[in-house]
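Chemist: This is the structure I have questions about; it appears just below.
None of the figures in this text is laboratory data; all of them are computed from the coordinates on show. Treat the numbers as computed from the prediction; the structure is a model and nothing was measured. Cβ sites come from the backbone with ideal geometry, for glycine too, and all protein chains shown count toward neighbours.
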Amino acid sequence: MYFVIRKSIDDQYYFLLKSENGQVVAQSETYLLKSSAEKTIQSIKENVDTGTYVIDSEKL
């Protein structure tokens, strides 16, 4: 997965988390400063637990 930073029509920044095939997995809130979006991305990269998993409650 990879991150893409974009600029919105109101000149704020947001990022997308994309899968290897280019599909959007998640979209962030907007940030006034590009550096704030970059710091959030860095925090996610540093703090993600590779052992994390998702439980689909509809399949329980």
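Chemist: Note the full-extension length gain between Lys59 and Ser43 as 0.36 nm times their separation in residues minus their Cα-Cα distance, in nm to one decimal.
Modeler: Working: separation 16, 0.36 × 16 = 5.76 nm, distance 3.12 nm.
Computed gain between Lys59 and Ser43 is 2.6 nm.
Chemist: Within segment 12-28, what residues put their amide N at less than 15 Å from the label point 7 Å along the Cα-to-Cβ vector of Tyr2?
Modeler: 16-25
Chemist: How large is the helix-only mean residue ellipticity at 222 nm for the chain, computed as the sum of -39500 (n - 2.57) over DSSP H runs with n ≥ 4, divided by its residue count, in deg cm²/dmol to the nearest 500? Mind showing how you got there, number by number?
Modeler: Numbers: 1 runs with 14 residues, N = 60.
So the helix-based figure for the chain works out to -7500 deg cm²/dmol.
Chemist: Can you tell me how segment 4-50 classifies by the Cα gyration tensor, rounded, prolate or oblate, using a/c under 1.5 as the rounded cut? Don't skip to the end; give the middle numbers.
Modeler: On the way: a/c = 2.86, a/b = 1.29, b/c = 2.22.
It is oblate, given that a/c is not under 1.5 and a/b is not larger than b/c.
Chemist: Number of Lys pairs in the chain with C-alpha atoms less than 20 angstrom apart, excluding same-chain neighbours closer than eight positions?
Modeler: Values: Lys7/Lys18; Lys7/Lys34; Lys7/Lys39; Lys18/Lys34; Lys18/Lys39; Lys18/Lys45; Lys34/Lys45.
So the count works out to 7.
Chemist: A further question follows. Could you give the angle, 0 to 90 degrees to the nearest 10, between helix 34-47's Cα long axis and the longest principal axis of the Cα atoms of the chain?
Modeler: Taking Cα atoms only, the helix is inclined about 20 degrees.
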